[in-house]
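Shown next, in structure tokens, is the structure this report addresses.
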Amino acid sequence: MSQPEDVKLGTEEWAFPVVRDVGAGAPLHWLRSGWADFRACPIPSLFYGFCFAAMGLLVTMVFEHAYAYTVALTSGFLLLGPFLAMGLYEISRRREQGAACALLPTLTVWKRNAGNIGIFAVVLGIVFLVWARASMVVFALFYTNEMPNLSGFLTQLLALDNLEFLLVYFGVGLIFATIVFAVSVISVPLMLDRNQDAISSMLTSVGALMRNPSAMILWAFLIAGLTVIGFMTFHLGLVVLMPIVGHASWHAYRDLVLPAAPAG
């Protein structure tokens, strides 16, 4: 493969990241590495885990009797997950460099590349708002059962009642989830690690998905499965599972993107 050309942006030189091939089973290695990071830095990792769990619990409590909003907003938090997990990426990065585990430096890591991370956050925010509206439209058009509380709604889902609604809802959700996964799977770690711009980071993320479809599909299923387990345990599982996924995402980035060449 030919070496990428440097692209001038203002007075800085930006090298477009190079994506490399990984094995289909690589996501299992990423999870093992994420678990190792969690065990090595449990306190800061658990802080972010409790944040994820608290957000899920808050949404559930506020919208207990308006579960259409609950599903939309909970799904929206999953769409925004890569942005919310920046602190976990930083924990893994610091451990990789031999730095001590600490929570405080990770709370403001976004300042390292605030402009581009802000652009990325706006993109995800727009997708979240469109998804929330699409979710409500699907409920209005296809959900025909009586409106129960949240527990009753989950019972109906598990019983496969209103199958037409389930197929349409999850079909639409899959489209949004695929878009977000494609542009975000490694983009935030890339922006934090190499001060990369938002556009090339998202393009690199899409390139990683296209170049390694087997590994990326497995990774997507693992993330979705662990998230579902977290929610089915009344959000308590999120306290541990989300930090592990966040740390593993950092190792996915390290495997998928060739390290930057030294300056000069």
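The values are calculated or read from the model by the stated rules, or taken from the named source; none is laboratory data. Remember, it's a predicted structure, so these values are computed and weren't measured experimentally. Backbone-built Cβ (ideal geometry, glycine too); neighbour counts: all protein chains shown. Protein only, heavy atoms only, side chains kept; ligands, DNA and RNA dropped before computing areas. Shrake-Rupley method; radii C 1.70, N 1.55, O 1.52, S 1.80 Å.
Here are some notes:
- Pairs where the first residue, in region 175-198, is more than 12 Å from A121 (Cα to Cα) and open to solvent by 30 Å² or more (accessible area, probe 1.4 Å) and the second is part of a helix (DSSP H, G or I) and among the aromatic types (F, W, Y), C-beta under 9 Å, 6+ apart: F176/F128; F176/W131; A177/W131; F181/W219; D193/Y89; D193/W250; D193/Y253
- Hey, V257 on the phi < 0 side of the Ramachandran plot, open to solvent by less than 30 Å² (accessible area, probe 1.4 Å) and touching a Ser or Thr at 6+ places or on another chain (Cβ under 6 Å) or not: no
- When G171, G225, G246 are checked against the criterion of being open to solvent by less than 60 Å² (accessible area, probe 1.4 Å) and touching a helix residue (DSSP H, G or I) at 6+ places or on another chain (Cβ under 8 Å), G246 stands alone in meeting it.
- For region 200-211, the set of residues classified as open to solvent by 30 Å² or more (accessible area, probe 1.4 Å) and either touching a helix residue (DSSP H, G or I) at 6+ places or on another chain (Cβ under 8 Å) or within 14 Å of Y89 (Cβ to Cβ) (or both) consists of V206, L209, listed by residue number.
- Scanning region 37-50 for residues that are buried (at least 16 other Cβ atoms within 10 Å of the Cβ) and without any contact (Cβ under 8 Å) to a residue 60 or more places away in the chain returns a single hit, F47.
- Restricting the first member to region 118-144 and to residues that are touching a residue at least 24 places away in the same chain (Cβ under 8 Å) and on the phi < 0 side of the Ramachandran plot, and the second to residues that are open to solvent by 50 Å² or more (accessible area, probe 1.4 Å) and of a type in the set (F, W, Y), the beta-carbon pairs closer than 6 Å and six or more apart or on different chains are A121/F83; L124/F83.
- Selection from region 12-31 of residues that are touching a residue at least 24 places away in the same chain (Cβ under 8 Å), open to solvent by 50 Å² or more (accessible area, probe 1.4 Å) and of a type outside the set (A, V, I, L, M, F, W, C): R20, D21, H29
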